[in-house]
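Participant: Could you have a look at this structure, given as structure tokens, before my questions?
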Amino acid sequence: MLQTDADFNLLKKISVSNIHFLSLNEKINFERYLDSVADRGGYDALFEKIRTISKDEIFEIAGRKSTRAVWDGDENLKKARLAKKIIDSFGIKAVFYGESNFPTMLSKSTEVTDPPYSLFYRGNLDVLKRHCVSVVGTRRATFDALKAASDFSKSACDDGACVISGLAFGIDIESHKGAMSSSNPATVAVLPGGIDVIVPKSHAKYAAKILSTGGLLMSEYIPGTPAEKFRFVQRNRIVAALSPATVVIQAPAGSGSMITAGLALGYNREVFFHSANFSGQSAKLCEAVANQLLNDVRCGLKTKESVACKIDNSPLSFVSSGAKVISSYAEYKSNLYGENSEKIVKN
């Protein structure tokens with residue numbers, strides 16, 4: 001129920017957040033326009049404007065030509081109201097770009113070119129004030145790589161750091177579990193759908209444990225948003241941006257984790273590769289993935305060019321270009337912080 005100025009303001013921001021075809025700056029400008037409407041006619045006028053404004057008018061306010069993007073003002077408000085209801089029911093919180101508690105590492109000042117406009121979260125946002133490390137890897141991980149993810153993350157939290165990952169099968173969930181096994185746990189799961197949509201569903205118990213151990217669940221998508229395939233890649237940019245460094249525990253060529261590594265470099269973050277990437281079992285996994293990609297070319301499912309790009313996007317190619325290989329958290333910390341490493345992370 002909308003009762004206070006804060007309620008109306010949040011509904012407005014949820015509505016703006018869900019206009020997916022606008023960039024961050026365009027959303028900020030559109031919100032300013034809506035505020036001017038509210039100044040003249042109140043909140044009723046503001047929401048009537050959202051309901052009736054055309055897509056062309058939105059693009060005119062954004063300052064660029066209209067595209068084939070789909071816009072339905074009634075549907076936008078319907079989803080915004082549902083999201084607000086979910087927020088109220090489950091105690092979900094929100095922070096928006098430009099607010100004082102918006103994570104610094106996601107701001108343009110840290111070379112992030114595409115920050116989120118909104119973050120919806122449950123748990124302790126202050127864990128992001130720790131020194132963070134993003135830990136990523138394949139869902140089809142080997143036993144040794146799973147153990148490496150858990151050991152690395154536990155050691156990171158023992159040292160006062162916070163582990164960022166994505167709650168997926170394989171390396172992600174082992175990273176979270178390792179972090180939570182520490183006597184000083186702190187881990188953040190960045191979700192590819194609404195904060196109320198835990199994927200995979202079987203990891204809901206781990207999401208609950210992240211919260212009970214003082215961690216954080218977060219998403220840029222409004223509550224009620226399904227976790228669709230393209231949102232996993234969008235989510236990865238937040239995983240990459242939240243830390244000064246990303247550690248790839250194990251990842252075959254062209255995988256989502258390698259995309260995250262590329263995003264991290266694009267944000268001027270460091271990227272490290274765990275030695276688990278280069279074991280005999282990992283080599284077999286990489287070979288199997290490459291063979292599947294080549295088979296997709298033979299079947300006409302993928303082009304030679306797209307497959308070549310994926311195969312080239314591998315841990316080995318990153319390392320040959322200068323990325324460091326580490327086998328423990330201690331090596332990671334020493335490589336990242338050098339002789340000052342003992343002073344930097346410990347609380």
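The values are calculated or read from the model by the stated rules, or taken from the named source; none is laboratory data. Just so it is clear, the model here is predicted, and its values are computed rather than measured. When we count neighbours, we look across all protein chains shown, and the Cβ atoms used for this are built from the backbone with ideal geometry, even at glycine. Just so you know, the surface numbers come from the protein's heavy atoms only, side chains and all, with ligands and any DNA or RNA stripped out. Shrake-Rupley method; radii C 1.70, N 1.55, O 1.52, S 1.80 Å.
Participant: Answer with yes or no whether Tyr221 is at pLDDT 95 or above, in a loop (DSSP other than H, G, I, E, B) and not small (Gly, Ala, Ser).
Facilitator: Against the criterion (at pLDDT 95 or above, in a loop (DSSP other than H, G, I, E, B) and not small (Gly, Ala, Ser)), Tyr221 qualifies.
Participant: Right, something else. Quick check on my filter: what residues within region 182-195 are part of a strand (DSSP E or B) and either over 18 Å from the mean Cα position of the chain (by Cα) or over 12 Å from Lys209 (Cβ atoms) (or both)?
Facilitator: Residues satisfying the conditions are Val188, Val190.
Participant: Within the bounds of region 135-145, is there any residue that is modelled with pLDDT under 95, farther than 30 Å from Ile53 by Cβ, open to solvent by less than 50 Å² (accessible area, probe 1.4 Å) and aliphatic (A, V, I, L, M)?
Facilitator: yes
Participant: Still on this model: Can you pull out the residues in region 175-207 that are farther than 24 Å from Glu228 by Cβ and aliphatic (A, V, I, L, M)?
Facilitator: If the condition is that a residue be farther than 24 Å from Glu228 by Cβ and aliphatic (A, V, I, L, M), then Ala179, Met180, Ala186 are the ones that fit.
Participant: Any residue in region 262-277 that's in contact (Cβ under 8 Å) with a residue 24 or more places away in the chain and over 12 Å from Val135 (Cα atoms): show its pairings with residues that are open to solvent by less than 10 Å² (accessible area, probe 1.4 Å) and in a loop (DSSP other than H, G, I, E, B) at Cβ separation under 7 Å, as long as the two are six or more apart or on different chains.
Facilitator: Tyr267/Val112; Arg269/Ser243; Ala276/Ile249; Ala276/Gln250; Asn277/Gln250; Asn277/Ala251
Participant: Now, a different point. List every residue pair whose Cβ atoms sit under 6 Å apart, with the two residues 6 or more apart in sequence or on different chains, where the first one lies in region 314-328 and is open to solvent by less than 40 Å² (accessible area, probe 1.4 Å) and the second, anywhere, is part of a helix (DSSP H, G or I) and not hydrophobic (A, V, I, L, M, F, W, C).
Facilitator: Sorted first by the residue in region 314-328, then by its partner, the pairs are Pro315/Asn277; Ile326/Tyr332.
Participant: Go through (1) in a loop (DSSP other than H, G, I, E, B); (2) over 17 Å from Lys13 (Cα atoms) one by one and return the number of the condition Trp71 breaks.
Facilitator: Unmet condition: (2).
Participant: If I filter region 1-34 down to residues being free of Cβ contacts under 8 Å to residues at least 12 places away in the same chain and in a helix (DSSP H, G or I), which single residue comes out as most open to solvent (accessible area, probe 1.4 Å)?
Facilitator: It comes out as Arg32.
Participant: Cβ-Cβ distance below 7 Å, separation of 6 or more or different chains: which pairs start in region 167-193 with a residue that is under 14 Å from Leu242 (Cβ atoms) and end on one that is among the acidic types (Asp, Glu)?
Facilitator: Listed by first residue and then by second, the contacts come to nothing, as the list is empty.
Participant: Additional query: Report whether or not Leu167 is on the phi > 0 side of the Ramachandran plot, at pLDDT 95 or above, crowded, with 19+ Cβ neighbours inside 10 Å and of a type outside the set (Lys, Arg).
Facilitator: Here the answer is yes, as Leu167 does meet what is asked.
Participant: When the residues of region 171-181 are filtered to those that are open to solvent by 10 Å² or more (accessible area, probe 1.4 Å) and over 16 Å from the mean Cα position of the chain (by Cα), which remaining residue is nearest to Val135 (Cα to Cα)?
Facilitator: Within region 171-181, the match that is nearest to Val135 (Cα to Cα) is Glu174.
Participant: Further question: Only one of Ser100, Ser155 is out of contact with any Lys or Arg (no Cβ under 8 Å at 6 or more places or on another chain), open to solvent by 40 Å² or more (accessible area, probe 1.4 Å) and either in a loop (DSSP other than H, G, I, E, B) or closer than 30 Å to Asp88 by Cβ (or both). Can you tell me which?
Facilitator: Testing whether each residue is out of contact with any Lys or Arg (no Cβ under 8 Å at 6 or more places or on another chain), open to solvent by 40 Å² or more (accessible area, probe 1.4 Å) and either in a loop (DSSP other than H, G, I, E, B) or closer than 30 Å to Asp88 by Cβ (or both) leaves just Ser100.
Participant: Could you count how many residues in region 245-260 are in contact with a Phe, Trp or Tyr (Cβ under 7 Å, 6 or more places away or on another chain) and either without any contact (Cβ under 8 Å) to a residue 24 or more places away in the chain or open to solvent by 20 Å² or more (accessible area, probe 1.4 Å) (or both)?
Facilitator: Counting residues in region 245-260 that are in contact with a Phe, Trp or Tyr (Cβ under 7 Å, 6 or more places away or on another chain) and either without any contact (Cβ under 8 Å) to a residue 24 or more places away in the chain or open to solvent by 20 Å² or more (accessible area, probe 1.4 Å) (or both) gives 1.
Participant: Any idea which residue in region 208-218 is nearest to Ser17 (Cα to Cα), counting only those that are over 18 Å from the mean Cα position of the chain (by Cα) and not in a loop (DSSP other than H, G, I, E, B)?
Facilitator: By that ranking, first place goes to Ala208.
Participant: What residue, among those in region 62-88 that are over 24 Å from the mean Cα position of the chain (by Cα) and modelled with pLDDT under 95, is surrounded by the fewest Cβ atoms within 10 Å (Cβ to Cβ)?
Facilitator: The selected residue is Arg68.
Participant: Arg40 is checked against (1) surrounded by 15 or more Cβ atoms within 10 Å (Cβ to Cβ); (2) farther than 22 Å from Ile238 by Cβ and fails just one. What number does that condition carry?
Facilitator: Arg40 satisfies all of (1) surrounded by 15 or more Cβ atoms within 10 Å (Cβ to Cβ); (2) farther than 22 Å from Ile238 by Cβ except (1).
Participant: Continuing with this model, one more query. Of the residues Leu191, Leu263, Leu242, Leu216, which is open to solvent by 20 Å² or more (accessible area, probe 1.4 Å) and either at pLDDT below 95 or within 15 Å of Ser165 (Cβ to Cβ) (or both)?
Facilitator: The unique qualifying residue is Leu263.
Participant: Inspect all residues belonging to region 199-207 and state whether any of them is assigned to a strand (DSSP E or B), at pLDDT 95 or above, aliphatic (A, V, I, L, M) and open to solvent by less than 20 Å² (accessible area, probe 1.4 Å).
Facilitator: No, every residue in region 199-207 fails to be assigned to a strand (DSSP E or B), at pLDDT 95 or above, aliphatic (A, V, I, L, M) and open to solvent by less than 20 Å² (accessible area, probe 1.4 Å).
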